[in-house]
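*Asks:* Just passing along the structure, written as structure tokens.
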Amino acid sequence: MSLREKARAVVGLQRELFPPTNNGIAGRTAPLERFGLPSLTLADGTAGVRLSRTAPERSTAFPDNNALAATWDTALATEAGDAVGYEAFEYGIGVMLAPGMNIIRNPLCGRNFEYFSEDPLLTGKLAAAYTDGLQRRGVGACVKHFTCNNQETNRSKVDIRVDARTLKEIYLKGFEICVKDAHPWAVMSSYNQLNGTPAQEQHPLLTGLLRGEWGFDGIIMTDWSITRHNTAAQIHAGNDLLMPGSERQMEEIVEAVQSGVLPEEDLDKAVERLTRLSSRCGVPHGNGKPDLSRGAAAAEKLAAEGAVLLKNDGMLPLSPGGSVALFGVRSYDLIPTGAGSGYVKPASVAQIYTAFGNAGTALDKDLEELYLKYAAFTETDYRLNERVQIHLGIGVPFLPELPVARSLIDKVAGRNDFAVITLGRGAGEGLDRSLKDDYELSDAEKNLVKDVCEAFHAKGKKVAVVLNITGIIETDSWKDLPDAILNIWLPGQEGGRAAFALLSGKVNPSGRLPFTFAKGYEDYPGAMDFPFDHPKAGRNYDYTEYSEGIYVGYRHFVTRDTPVTWPFGYGLSYTSFAYSAAKAKLSKGVLTLRLTVTNTGQMSGKEAVGIYVTAPSGGLDKPVKELKAFAKTGLMAPGASEQLLIRIPVHDLASFNEKTGQWETARGTYTFYVGADVSSPATSLKVKIR
Ligand code: BGC
């Protein structure tokens, strides 16, 4: 292979040079047929296969990664990867640019819906399971964005300042788990700078740690950087593929090798790894016609399994029939996915109002007419804005909730049996969220919740709120008003059907929160060290200081004893569970916990179980509790039990000592708390580690 051919191989096929195809729009690798390297198609995204917008083909919009994380179920994550992998394979895609697995550090990050959790273990295990499902279909996973891409504002230049321990324990840990457990075929290096240097140009990070220490044997591709970085440094650091690629980058590589700036050996290694990727992917495959009914079934199941019941004061499950007053534009026009590269265009979206109607619940006709008219407007606006955002790379603004006159609400309360209000929040790549009218409810939303609850309660009738949201919103100030709150996230195309299945009790909710719902934004650790519209936070543009260190999410709340609205791991069920005392056995460096969970209620259900550890005091400063393992029972009939065996390698209890540069496991007595959420363990036990 000549130097020019090698340079050609490591630079993506420039968008301008190849005509748009139906098979994904993110990018392609250059074909080098003489060497048996076909062009590979790389497609987003994190909730299904993102096809070209102009293509007539459609793909399934799956629930977002928040929903997937809320299942706490690695088997379901593998099913999700498998379902996406099936469609990707049929569409001839070599590598999916998924899963997104950055840590959810702050509720305002615009891409949180593409990520799993505030906890690295939950993130890493679910990403690994998803990767596994995808790759078993013969489609590579490209896990992203490596690393510390936790905000969208100034995302390609911002310098993330974070200490070594926090980096290792929080922001790298999930990637480490995924790489070691599932061997993804690709990793995407992120846009941002990390402690003063672009992450994409860091040899110690990409080659030293990822390949060297963790044994990663796939390719590293850059996130879609065109002009910003130093091409030779990117290749030397360990990137094998510069995406989306430009002629200029090719010339720069040739020049860098010729002038001795870039060792040709670096290029050779990259070509060798690209050849390995090519043989893993095989020749482009698929018939271009996936059976989308398979995806729809998987999407509905996942949406139902990932939803979290946050409140239920005797309202749910609903009795069949009756009449419902459905409020909120999102009851009629669901937000199935986020925007940007995480957007998927499905063939259809199952709406909440249709699901009620199909099940024989009468809808209030005046509300239906009002909202359908408004939804039509919203939909046009949404499409328009989505096109705009594709061009500008900004997030999608959504039309605000419709103010509804109190007189109409009172009338409607008189003639219907109960009310459901759906509140929606979208977000997208390129733009972080704001506090006002986004994290917090708008005035129209606050009034709607208050007025509907007042009017219905005055008549002795109940009100449920369905949240169709990206990540986290403020709930503390209004959560006491409705009788029930069900969070379905951005649930994908089958969200309406799944929501109804949960409200009506056809499916018993078993999702648990993968991040904390704090009482207010300012309670989040490092809240001011995030770029948002607040006088105290103005400094976070050129750089963001991760001032909270390892105390991200619940690690902060439990350690500082800060009350929250709903803790990490929280979620209700229509049944109840009892835990036996846990027993522990330590053998060959692995602790095995054994316990039995019993369904003590009246309905079949599943229980997610978290194992949280309190380390012995002394030694390194540690959070009061940290998730060290988790499991999910199968569906248990009333009265049925399931025994869980949970393995925790002792070295997973270690913390990173910056002074020695080593992982250290403190000796002494550890307390293991067992239960769904971090704040209310069902049982605990002590184990001495010598
Ligand atoms: C995003 C990536 C995405 C890529 C290709 C970038 O702007 O950050 O997540 O995979 O575009 O669409």
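The values are calculated or read from the model by the stated rules, or taken from the named source; none is laboratory data. Bear in mind that the values here come from a model prediction, so they are computed numbers and not experimental data. Here the Cβ is made from the backbone with ideal geometry for all residues, glycine too, and neighbour counts use every protein chain on show. Calculation scope for accessible area: heavy atoms of the full protein, side chains included, ligands and nucleic acids excluded. Shrake-Rupley method; radii C 1.70, N 1.55, O 1.52, S 1.80 Å.
*Asks:* Which of (1) of a type outside the set (D, E, K, R); (2) open to solvent by less than 20 Å² (accessible area, probe 1.4 Å); (3) away from the ligand (no atom under 16 Å from the Cβ) does residue 339 not meet, given it meets every other one?
*Replies:* (3)
*Asks:* May I ask you to list pairs of residues, at least six apart or on different chains, whose Cβ atoms are under 6 Å apart, with the first in region 33-45 being within 14 Å of the ligand (Cβ to nearest atom) and the second being in a helix (DSSP H, G or I) and among the polar types (S, T, N, Q)?
*Replies:* From region 33-45, the pairs are 44/341; 45/341.
*Asks:* Further, regarding this structure: Out of 183, 145, report the one residue that is touching a helix residue (DSSP H, G or I) at 6+ places or on another chain (Cβ under 9 Å) and within 16 Å of the ligand (Cβ to nearest atom).
*Replies:* Details: 183 fails: within 16 Å of the ligand (Cβ to nearest atom).
The match here is 145.
*Asks:* Pairs only if they're at least six apart or on different chains, beta carbon under 6 angstrom, first in region 650-672 and under 17 Å from residue 592 (Cα atoms), second among the hydroxyl-bearing types (Ser, Thr, Tyr) and assigned to a strand (DSSP E or B); list them, first residue then second.
*Replies:* Note: pairs meeting the criteria are 671/614; 671/684.
*Asks:* So residue 639 clears everything in (1) in contact (Cβ under 8 Å) with a residue 40 or more places away in the chain; (2) in a strand (DSSP E or B) except one condition, right? Which one?
*Replies:* (2)
*Asks:* Turning to a different aspect of this structure: May I ask you to say which residue of 159, 181, 217 is charged (D, E, K, R), open to solvent by 20 Å² or more (accessible area, probe 1.4 Å) and over 26 Å from residue 37 (Cα atoms)?
*Replies:* Working: 159 fails: open to solvent by 20 Å² or more (accessible area, probe 1.4 Å); 217 fails: over 26 Å from residue 37 (Cα atoms).
Exactly one of 159, 181, 217 is charged (D, E, K, R), open to solvent by 20 Å² or more (accessible area, probe 1.4 Å) and over 26 Å from residue 37 (Cα atoms), namely 181.
*Asks:* So is residue 139 within 16 Å of the ligand (Cβ to nearest atom), of a type in the set (Val, Ile, Thr) and open to solvent by less than 10 Å² (accessible area, probe 1.4 Å) or not?
*Replies:* Values: within 16 Å of the ligand (Cβ to nearest atom): yes; of a type in the set (Val, Ile, Thr): yes; open to solvent by less than 10 Å² (accessible area, probe 1.4 Å): yes.
Yes; evaluated as a whole, the condition is true for this residue.
*Asks:* Additional query: Which of the residues belonging to region 131-167 are part of a strand (DSSP E or B), in contact with an Asp or Glu (Cβ under 8 Å, 6 or more places away or on another chain) and farther than 16 Å from residue 546 by Cα? Spell out how you get there, then give the answer.
*Replies:* Initial filter on region 131-167 (part of a strand (DSSP E or B)): 140-146, 159-161.
Narrowing further to those that are in contact with an Asp or Glu (Cβ under 8 Å, 6 or more places away or on another chain): 144-145, 159, 161.
Answer for region 131-167, where residues must be part of a strand (DSSP E or B), in contact with an Asp or Glu (Cβ under 8 Å, 6 or more places away or on another chain) and farther than 16 Å from residue 546 by Cα: 144, 145.
*Asks:* To continue, here is another question. Show the residue pairs meeting these rules: Cβ distance below 8 Å; 6+ apart or different chains; first residue within region 291-309 and farther than 15 Å from residue 468 by Cβ; second residue open to solvent by 10 Å² or more (accessible area, probe 1.4 Å) and modelled with pLDDT under 95.
*Replies:* Pairs that qualify, where the first residue is farther than 15 Å from residue 468 by Cβ and the partner is open to solvent by 10 Å² or more (accessible area, probe 1.4 Å) and modelled with pLDDT under 95, are 292/58; 292/347.
*Asks:* Also, I was wondering about something else. Just the residues that are among the basic types (Lys, Arg) and over 23 Å from residue 680 (Cβ atoms), please, taken from region 614-667.
*Replies:* The initial filter retains those residues of region 614-667 that are among the basic types (Lys, Arg), namely 622, 625, 628, 632, 647, 659, 667.
Result: 647, 659, 667.
*Asks:* With the requirement that a residue be among the β-branched types (Val, Ile, Thr) and surrounded by 20 or more Cβ atoms within 10 Å (Cβ to Cβ), what does region 661-686 give you? Full working, then the answer.
*Replies:* Of region 661-686, the ones among the β-branched types (Val, Ile, Thr) are 665, 669, 671, 674, 678, 683.
Of everything in region 661-686, those that are among the β-branched types (Val, Ile, Thr) and surrounded by 20 or more Cβ atoms within 10 Å (Cβ to Cβ) turn out to be 674, 678.
*Asks:* If you check 256, 233, which single one turns out to be surrounded by fewer than 24 Cβ atoms within 10 Å (Cβ to Cβ) and either within 24 Å of residue 158 (Cβ to Cβ) or within 16 Å of the ligand (Cβ to nearest atom) (or both)?
*Replies:* 233 is the lone residue from the list that is surrounded by fewer than 24 Cβ atoms within 10 Å (Cβ to Cβ) and either within 24 Å of residue 158 (Cβ to Cβ) or within 16 Å of the ligand (Cβ to nearest atom) (or both).
*Asks:* On to the next question. Before we move on, is residue 624 under 30 Å from residue 550 (Cα atoms), part of a strand (DSSP E or B) and under 30 Å from the mean Cα position of the chain (by Cα)? Spell out the reasoning first.
*Replies:* On the way: under 30 Å from residue 550 (Cα atoms): yes; part of a strand (DSSP E or B): no; under 30 Å from the mean Cα position of the chain (by Cα): yes.
Answer is no for this residue.
Condition check ((1) outside any loop (DSSP other than H, G, I, E, B); (2) among the aliphatic types (A, V, I, L, M); (3) surrounded by fewer than 14 Cβ atoms within 10 Å (Cβ to Cβ); (4) modelled with pLDDT of 95 or more) across all residues:
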{"site": "368", "(1), (2), (3), (4)": "yes, no, no, yes"}
{"site": "373", "(1), (2), (3), (4)": "yes, no, yes, no"}
{"site": "402", "(1), (2), (3), (4)": "no, yes, no, no"}
{"site": "409", "(1), (2), (3), (4)": "yes, yes, no, yes"}
{"site": "412", "(1), (2), (3), (4)": "yes, yes, no, yes"}
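*Asks:* Of all the helices (runs of 4 or more DSSP H) wholly in region 1-101, which have at least 2 residues that are more than 19 Å from residue 289 (Cβ to Cβ), over 28 Å from the mean Cα position of the chain (by Cα) and modelled with pLDDT of 90 or more? Walk me through how you get there before you give the answer.
*Replies:* Working: elements: 3-9, 65-70, 74-90.
Once the helices (runs of 4 or more DSSP H) in region 1-101 are filtered for at least 2 residues that are more than 19 Å from residue 289 (Cβ to Cβ), over 28 Å from the mean Cα position of the chain (by Cα) and modelled with pLDDT of 90 or more, what remains is 3-9.
*Asks:* Got a sec? Which of 408, 435, 423 is touching a Phe, Trp or Tyr at 6+ places or on another chain (Cβ under 9 Å) and in contact (Cβ under 8 Å) with a residue 24 or more places away in the chain?
*Replies:* Going through 408, 435, 423 in turn, just one is touching a Phe, Trp or Tyr at 6+ places or on another chain (Cβ under 9 Å) and in contact (Cβ under 8 Å) with a residue 24 or more places away in the chain: 435.
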